[in-house]
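The values are calculated or read from the model by the stated rules, or taken from the named source; none is laboratory data. Here the structure is a predicted model, which means the values were calculated and not measured. Backbone-built Cβ (ideal geometry, glycine too); neighbour counts: all protein chains shown.
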Amino acid sequence: MTDTWFSKVRAKLNQGDSFLTRDLGTLFSGDTLDDDALELLEERLLLADAGVEATGTLIATLSSEIHHGRVRNEGQLREALRKALLEILLPVSTPLDIPPFIKPFIVFVVGVNGAGKTTTIGKLAHRYKSQGRKVMLAAGDTFRAAAVQQLTTWAERTGTPISAQGEGADSASVIFDAVQAARSRQLDVVIADTAGRLHTQGHLMEELRKIKRVLQKHDPYAPHEVLLVVDGTTGGNALVQAVQFHEAVGLTGLVITKLDGTAKGGIVLAIAKRLALPIRYVGVGEGIDDLRPFDARQYVDALMNTPETVT
Amino acid sequence: MFDSLSQRLSGVLDSIRGQGRLTEEQVATASRELRMALLEADVALPVVRDFITRIKERAVGAEVTKSLTPGQQFLKVVQQELTATLGGESAPLNLRAQPPVVILMAGLQGSGKTTTTGKLARRLTEIDKKKVMVVSCDVYRPAAIEQLRVVAGQVGVACFPSSVGQKPGAIADAALAEARKQFMDVLIVDTAGRTTIDAEMMAEIAALHQQLKPAETLFVVDSMTGQDAANTAKAFSEAVALTGVVLTKVDGDSRGGAALSVRQVTGKPIKFLGVGEKSDKLEVFHPDRIANRILGQGDMLSLIEETTRKVDQDKAAKLVEKLKKNKRFDLDDFRDQMAQMQNMGSMESLLDKLPGGAQMQAQLKSADAEKQVRRTMAILNSMTPQERRFPDLLKASRKRRIAKGSGVEVQQVNQLLRQFESTRDMMKKFAGGGMAKLMRGLGGRMPKGMLPPPR
């Protein structure tokens, strides 16, 4: 599985070629690095949405390595870059661990409109189910037209039960009911969908807080995981979103979707640099298997297009 | 979160004074700051480079007007160029074709195509008085067709039924035939979201375009998109001949650099802005507003709109009535005012929209304005109705009680009363001279540009 996933990310991120490092070798004349090499790297990082801050850090690290004379050839530059990237990404690479003693484990999914929440939930349900867990979905998006149907389709596809009420129902009560049902049926995981909302809309953020409060009547520690779904093509606003959602409901992890669309995926760096939130999953396609746990090493390898390490 | 460009520029440029023209050196320094500001606003790098070259040409040697600092002068050049690049004025939809006029929607997943289709249908029906039919060719995403059907029902337009098993091309053909039969004026074709690197899907939309020969092909793009906006726009404009752009989710707080990227790359006008989830939240594009937003200059118009929306007009009118009748302004009215202030939302979000708001925000952080307002409300609520109506009743013992009731010191109660008195004095003037006089009085004290220009 690892191999296919790895090559998939790599193929999708780079279209078979690394935007970041494809011609690093040409930047050297003899054993000295061209002056504009760093500028070129900086530019590429910016182009990949790595953001001004993460790019600055990376370039600063690299230039200090170079000044100390530790980078004299392509291999060393690659290694230095790899190390600098890992330094940013490793701290946020913590997979979601669902302990068996919490039942039902409540996963609460939030995000702005069109980030890919419902699709992510469908894929998550498939994932947990194939791990042998009993999953239930809660159709908490009662606002957008046909959102409930969309989730229902996913429920049928993955063969998981779904708890839904009609459009316009109270989101908190739908999710509360789902948890109650899951408890009486002794299910392992409840994944709760919510309506997409822009983080600038105070009343909608308040609604999220309410849902959380209501859930805590079941279990004071609920929801056990609050995932923010971020569209991988989003620019700097992703950070603002994360901060606002965190303030409202206290995020515990991130899902970054549509990385296949960006061909770059640098936003992962910007987010990792700015927020100490674990990136739980990344989405790289529309297929049901295209959501995978985030692994910093593999991701960096994919970014840099280093030959697959033989394991 | 970000420093506004004016702040950055004034730091760099305002130390240099007394020169008549912007020098090359100054422009180069300022351009570096501009580059960072544009990148932070998510403008795509190639577009930034292009833009800066043009700015340099225009700015070097530009005369610094007496009333402006070099930084402000540079900013003015940038603003003008940005507004011009974004498109001088709004371009209306081209509906001059043989009906049914076909409008094709294209874009990435989750950019807001279906929602925009609904909004557009409503706009065309209500404002342009057209007979509109919509159809979904999204046979991939679960419940996408159902979503459009519901949206169409909400805005009251016809929706051509399609189903998942069909081919998008076949659906489009059938819909067009049906629209012709029913003498529809406009047919809006919603498509599935697609990534530009999916060659198969891009071929599909190109084929749809070929087949439908739409009068308008609108590219729907999320205003929060980052660097990728340029690539996406390029790929789409290569696959199909775009005629316009719809920028969605503008009601968020992204800086909207995507607008500049897309506009520059496609060369097509931005026609509409999506500014909310409801079906009437589609606005005609204003270049200057987005220009200011990209530069972090604050969106004055949005602020004014927001304020008028949130201030309780009835209450304000009542207060004016009351003052006119020469009744006194009492603590009850004062409390109403405070409540309205709370209503306007957090001070910070308000200041965010003001030019130079970022600086004020930093100062306010220590003062914590919202806490102040909350405390004031608490003190006011601890008074009896009678005390509020006749503030002169408040003597030492009552003040002690109020302080206890609201958990503050007596000094703070006194402070509030002083604040109230000065407000009352102002209100007296206001009642005497009317609104115009007050605004004139205020005008002198407010920073430039805060008041809307007189019409």
- B:GLN109 versus (1) assigned to a helix (DSSP H, G or I); (2) within 14 Å of another protein chain (Cβ to nearest Cβ): which is the lone unmet condition? (1)
- Message: Going residue by residue through the stretch B:254-273, is there one that turns out to be in contact (Cβ under 8 Å) with a residue 24 or more places away in the chain, more than 15 Å from B:ALA41 (Cβ to Cβ) and within 12 Å of chain A (Cβ to nearest Cβ)?
- Response: no
- Message: Tally up the residues in the stretch B:142-192 that are assigned to a loop (DSSP other than H, G, I, E, B) and among the charged types (D, E, K, R), please.
- Response: 2
- Message: Any residue at all in the stretch B:152-166 that's among the polar types (S, T, N, Q) and buried (at least 17 other Cβ atoms within 10 Å of the Cβ)?
- Response: yes
- Task: Identify the single condition in (1) crowded, with 19+ Cβ neighbours inside 10 Å; (2) at the interface with chain A (Cβ under 10 Å from one of its Cβ atoms) that B:ILE197 does not satisfy, given that it satisfies every other one.
- Result: (1)
- Being surrounded by fewer than 22 Cβ atoms within 10 Å (Cβ to Cβ) and either within 13 Å of another protein chain (Cβ to nearest Cβ) or basic (Lys, Arg) (or both) is the filter here, so list the residues in the stretch A:127-141 that pass it. A:ARG127, A:LYS129, A:ARG133, A:LYS134
- Message: B:PRO92 - would you say it is crowded, with 16+ Cβ neighbours inside 10 Å and not assigned by TED's automatic domain parsing to the domain that holds B:ILE205?
- Response: no
- Message: Based on this model, can you work out whether B:ALA233 counts as more than 10 Å from chain A (Cβ to nearest Cβ) and small (Gly, Ala, Ser)?
- Response: yes
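So, in the stretch A:247-272, of the ones that are outside any loop (DSSP other than H, G, I, E, B), away from chain B (no Cβ under 14 Å) and of a type outside the set (Val, Ile, Thr), which residue ends up nearest to A:ALA50 (Cα to Cα)?
So the residue we want is A:ALA272.
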- Task: Sort out which residues of the stretch A:164-190 are in contact with a Ser or Thr (Cβ under 7 Å, 6 or more places away or on another chain) and within 13 Å of chain B (Cβ to nearest Cβ), and write them in order of number.
- Result: A:ALA164, A:GLU167, A:GLY168
- Can you name the residue in the stretch A:191-203 that is modelled with pLDDT of 90 or more and not in a loop (DSSP other than H, G, I, E, B) and, of all such residues, is farthest from the other protein chains (Cβ to nearest Cβ)? A:ALA192
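Every residue in the stretch B:233-249 that is assigned to a loop (DSSP other than H, G, I, E, B) and under 18 Å from B:ALA91 (Cα atoms), please.
Looking only at the stretch B:233-249, we keep the residues that are assigned to a loop (DSSP other than H, G, I, E, B), and these are B:240-243, B:249.
Within the stretch B:233-249, B:ALA241, B:LEU242, B:THR243 meet the criteria.
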- Query: Restricting to the stretch B:250-276, what's the tally of residues that are buried (at least 24 other Cβ atoms within 10 Å of the Cβ), part of a loop (DSSP other than H, G, I, E, B) and aliphatic (A, V, I, L, M)?
  - Reply: 1
- Message: Pull out all pairs, ordered by first then second residue, where Cβ-Cβ is under 8 Å, the residues are six or more apart or on different chains, the first lies in the stretch A:149-161 and is away from chain B (no Cβ under 11 Å), and the second is part of a loop (DSSP other than H, G, I, E, B).
- Response: A:THR158/A:ILE288; A:PRO161/A:ARG185; A:PRO161/A:LEU187
- Note on the structure: Taking the stretch B:51-76 and keeping only residues that are touching a helix residue (DSSP H, G or I) at 6+ places or on another chain (Cβ under 7 Å), of a type outside the set (A, V, I, L, M, F, W, C) and within 29 Å of A:GLY51 (Cα to Cα), one is left with B:ARG54, B:LYS56, B:ARG58, B:PRO70, B:GLY71
- Qualifying residue in the stretch B:120-141 (condition: assigned to a helix (DSSP H, G or I), at the interface with chain A (Cβ under 8 Å from one of its Cβ atoms) and in contact with a Ser or Thr (Cβ under 7 Å, 6 or more places away or on another chain)): no
